[in-house]
Amino acid sequence: MKRILLLLALLCVAPSVRTFAALGNSESEIAELFGKPVDQGFPDKKGITTNIYQKGDYLILVQFLRHLSLAESYTRTDQHEFSERELSAFLEGSSNERAWTKNPNKLEWERDDHKAKAWCENLRGRPTLLIQAK
């Protein structure tokens, strides 16, 4: 009986483990998710630091202000288009438990609290999902 309860507890906890960054995460939380940056940035004139991470088939660019993330971008290293599943996973990871509303005419979303927006575009020939706090 105890084994069954332990297994049920693990199954409940496992899906809640974060695998994607969320706006507002600290640099240390991002590093726990993606590892050490492959390119560690330095603060610009506005105090924004841009770090680049690589995890699996993705290059992830995260901008920090006062050590908290304010923008993210996800790019596939193989230059293939994102699947709906990938886009949904990235948006859900950055939702801060809020829903995203998609623009029916293009690949753009706005978070229901109106504090973040996301969109897809090709940057240097690579499909990229950009997520930004407003």
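The values are calculated or read from the model by the stated rules, or taken from the named source; none is laboratory data. These figures come from a predicted structure and were not determined experimentally. Cβ sites come from the backbone with ideal geometry, for glycine too, and all protein chains shown count toward neighbours.
Here are the numbers for this structure:
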| quantity | calculated |
| --- | --- |
| The range 32-42, subset assigned to a loop (DSSP other than H, G, I, E, B) and surrounded by fewer than 16 Cβ atoms within 10 Å (Cβ to Cβ), residue nearest to the chain's Cα centre (by Cα) | 35 |
| Top-ranked residue of the range 95-123 - restricted to ones that are more than 15 Å from residue 84 (Cβ to Cβ) and among the aliphatic types (A, V, I, L, M), ranked as surrounded by the most Cβ atoms within 10 Å (Cβ to Cβ) | 116 |
| Strands (runs of 3 or more DSSP E) contained entirely in the range 43-111, each with at least 2 residues that are of a type in the set (Val, Ile, Thr) | 48-55, 58-65 |
| Single residue of the range 93-125 satisfying the filter (farther than 17 Å from residue 74 by Cα and among the polar types (S, T, N, Q)) that is farthest from the chain's Cα centre (by Cα) | 105 |
| Check on residue 52, more than 22 Å from residue 127 (Cα to Cα), of a type in the set (A, V, I, L, M) and modelled with pLDDT of 95 or more | no |
